[in-house]
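One structure below.
The values are calculated or read from the model by the stated rules, or taken from the named source; none is laboratory data. The structure presented is a predicted model; accordingly, all values stated were derived computationally and were not measured. Cβ atoms come from the backbone with ideal geometry, glycine included; neighbour counts cover every protein chain shown. Accessible surface areas use protein heavy atoms only, side chains included; no ligands, DNA or RNA. Shrake-Rupley method; radii C 1.70, N 1.55, O 1.52, S 1.80 Å.
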Amino acid sequence: MSENPRNLHDFDVDVAVIGAGAAGLMTAIHAARAGHASATIQSSVHADTDSARTNTGFNQAPALRVVALDGAPRIGIKILVAGGGRCNVTHHAVREQDYAGSTPAAIRRVLTRFTVADCISFFKDLGVELKQEDTGKLFPTTDDAHTVLNALLQAARDSGVDIRWPMRVQTITPLPNGGFEVAGAWGQLRARTVALCSGGKSLPKSGSDGLGLELARSLGHTVTQHVIPSLVPLVADAHHWVRTLSGLTLEAEVRVVSGTGKHITSFTNSMLFTHFGLSGPAVLDISRHLMMERTRDPDASLQLCFLFHLKQNAKSSCSLDDADAWLLEAKAQTVLSRLREKLPERLAKTLLESAGIASDRTAKQIDRDRRRSLAQLLCGAPVEIVGDRGFTHAEVTAGGVPLVELNLSTMESRKCPGLFLAGEVLDVDGRIGGFNFQWAWASGFVAGVSMATSLIS
Ligand SMILES: Cc1cc2nc3c(=O)[nH]c(=O)nc-3n(C[C@H](O)[C@H](O)[C@H](O)COP(=O)(O)OP(=O)(O)OC[C@H]3O[C@@H](n4cnc5c(N)ncnc54)[C@H](O)[C@@H]3O)c2cc1C
C-alpha cells in the first residue's frame with residue numbers, strides 16, 4: 001500500500017477515477033462509501049478530531065473527495081447498450097473458468113471478494129431487483145438498462161462522488177512526494193490517488209478507445225503483446241457457403257483446431273449465419289480463442305459441428321466415424337430427410353450441394369468418398385475465417401494490463417504506488433452472459449474500498 005501523500009491541502013481531490021463506466025462508477029461509489037465508514041469509525045475513536053472526517057452518512061459532504069472523470073459526451077453508453085438494452089448485469093454462477101487472459105487463480109482472487117450474491121444485494125439496496133433467466137443470466141426486472149445506470153449514478157451522487165464529463169484525461173503524472181497530476185484539454189487537477197478504469201478498446205464510440213492502455217504504459221505498466229477484439233462476429237471468406245445462409249440460426253458446436261488438427265477449445269450454443277460470416281453466442285464466445293491462437297499458430301482454424309449431440313461426453317467431439325455411422329443408420333431414408341432430423345432444411349441442402357450429393361439419394365447409394373465428405377461437413381465443417389469485425393463490433397477487449405502487475409488484495413499497482421486499476425483495462429475478458437460486468441463490479445469494489453483504506457488508515 002502506498003504512503004499517504006504529503007499535505008492534504010496540496011490536493012484537489014483524494015480519489016480521481018479515470019473513466020465512469022461500470023468499473024469506474026463501482027470504484028468511485030465504494031471509495032466514497034468506505035471513506036464515510038472509515039471516517040465514522042475514526043470519529044468515534046477521536047471525537048475531537050478534524051470535523052471534515054466526522055460525516056456519518058451519505059447525502060452529506062464526503063469524508064473523501066472523490067471525482068470520476070469521463071471523456072465521453074454521454075455517461076454509461078456501454079451499460080445502456082448492454083444485453084440488447086436490457087443490461088445483463090451478472091450470471092447466476094460465475095467462475096474463473098468463464099474468463100480468459102490472466103491466470104484463473106489471479107482472476108478468482110478478485111471475483112471471490114465481490115460475489116454474485118454481493119452483486120444482487122448491492123443492486124437490491126439501490127432499488128434494482130434482478131431476475132434470473134433460463135440461461136443463468138441476470139437482468140433487471142424492468143428489462144431496461146436505464147434502471148441500472150440511473151441507480152449507479154444516484155448511488156454515486158448519494159455518496160458524494162463528483163462525476164464530470166466530458167473530461168478526457170490525456171496525462172497522469174506522478175508527483176515527486178506522492179499523488180498525481182491528472183490533466184487534459186480541460187486543465188488539470190491534483191489527486192492523492194488515481195483509479196484507472198478506462199476500459200479497453202471495444203465500442204470506441206462509447207469513449208473506450210485504448211488511451212487508457214497508453215496511460216497505464218506511461219505509469220510503468222506493460223500491456224499484453226496482443227490486444228484484440230473479443231466477443232466479436234467473424235468474417236468468412238467471400239466465397240464460403242456460410243454467407244449464403246444469412247439469417248439462419250441454429251445450435252452448433254463451434255471449435256478451434258490447431259494447424260496440426262489438435263482440438264484447442266469449443267463452445268456449444270446458438271449461432272447465426274450472416275451476410276459476412278458468423279455471429280451469435282457460440283461464435284462470439286470462441287472469437288478471441290481463434291484470433292489469439294492465430295497469433296501463435298497462423299494455421300489455427302474454425303470448424304462447425306452440427307451433430308454435437310452424438311458426442312460421447314462433454315470433453316469429446318463427434319468424430320467422422322460417428323457422423324458417417326449416423327448417416328448410414330438411415331437405411332432407406334433419403335439423405336436430405338435424414339439431415340432434416342437435425343438441421344434446418346436450408347443448411348441441409350447447402351451441405352449436400354457442397355458435398356456434390358443429390359438430395360434424393362439414400363446414404364447407401366452415395367459412394368464412400370462423397371458420403372465421408374458429407375460426414376466431415378456434419379461433424380467439423382471448416383470455415384475459412386479471414387478476420388473479425390473489429391473493435392467497433394466487439395463487446396470486450398482481450399488483452400490489457402496483466403493482473404500480475406497488481407496487488408490483487410487491493411488492485412493497487414505494483415509499478416506505481418497510489419495508482420489502482422479495475423475493469424476491462426486489465427487483461428481479463430469473460431464469455432457472454434454477464435461475466436464482464438461481474439468482473440467490472442468485483443474489481444471496482446476491491447479498488448474503491450482499498451483506495452479509501454489507504455487514505456484514511
Ligand atoms: C454492445 C455491448 C454489449 C455488452 N453487453 C454486456 C452484457 O450484457 N453483460 C456484460 O457483462 N457485459 C457486456 N458488455 C461488456 C461490458 O459492457 C464491459 O465489459 C464493461 O462495460 C467494462 O467496464 P469498464 O468500466 O471497465 O469499461 P467501459 O465500460 O469501457 O468504461 C470505460 C470508461 O472510461 C472512459 N474513458 C476511457 N479513456 C478515458 C480517458 N482517457 N479519460 C477519461 N475517460 C476515459 C470511457 O469514456 C468509458 O466511459 C457489452 C459490451 C458491449 C460493447
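Quick look at the numbers
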{"read-out": "Point-to-point label distance, residue 142-residue 354, nm (Cα→Cβ direction, 7 Å offset)", "value": "4.5"}
{"read-out": "Whole-Å distance, taken between Cα centres, linking the stretch 86-154 and the stretch 361-410", "value": "27"}
{"read-out": "Accessible area in square angstrom per residue, the chain, 1.4 angstrom probe", "value": "42"}
{"read-out": "For the chain, calculated [θ]222 nm from helices alone, where every DSSP H run of n ≥ 4 adds -39500 (n - 2.57)", "value": "-10500 deg cm²/dmol"}
{"read-out": "Principal-axis tilt of helix 281-296 within the chain, Cα atoms, nearest 10 degrees", "value": "80"}
{"read-out": "More than 20 Å apart - percent of Cα-Cα pairs taken over the stretch 234-388", "value": "46"}
{"read-out": "Compactness relative to 2.2 N^0.38 Å, alpha carbon Rg of the chain", "value": "1.14"}
{"read-out": "Most positive-pole-ward Cα, 103, 37, 142, against dipole of the chain from beta carbon charges", "value": "103"}
{"read-out": "Size of electric dipole in the chain: Cβ of Lys, Arg +1 and of Asp, Glu -1, about Cα centre, debye, nearest 20", "value": "600"}
{"read-out": "Per DSSP, loop trypsin sites (Lys or Arg not before Pro) in the stretch 268-324 with at most 10 further Cβ within 10 Å", "value": "315"}
{"read-out": "Loop trypsin sites (Lys or Arg not before Pro), the stretch 243-272, which have at most 13 other Cβ atoms in a 10 Å radius of their Cβ (DSSP)", "value": "262"}
{"read-out": "Cross-link reach list, lysines versus residue 201, counting only Cα pairs under 17 Å and skipping chain neighbours closer than eight places", "value": "78"}
{"read-out": "Ordering of 192-199, 127-134, 337-344 by burial proxy (mean other Cβ atoms within 10 Å per residue, highest first)", "value": "192-199, 337-344, 127-134"}
{"read-out": "Amide N proximity, the stretch 355-385 versus residue 331 label position 7 Å along Cα-to-Cβ, cut-off under 16 Å", "value": "362-365"}
{"read-out": "Helix axis angle, 116-125 relative to the chain longest principal axis, alpha carbon, degrees", "value": "50"}
{"read-out": "Förster-model FRET efficiency, 25 Å R0, residue 175 and residue 407, C-beta, rounded to 0.05", "value": "0.75"}
{"read-out": "The chain: relative contact order as a whole-number percent, Cα under 8 Å and 6+ apart", "value": "24"}
{"read-out": "Hz values of 3J(HN,Hα) by residue in the stretch 435-448 - Karplus curve (6.51, -1.76, 1.60), Gly and Pro given as x", "value": "6, 6, 5, 4, 5, 4, 4, 5, 5, x, 4, 4, 4, x"}
{"read-out": "Listed residues 326, 382, 249: farthest to the positive end of the dipole of the stretch 234-388 (Cβ charges)", "value": "326"}
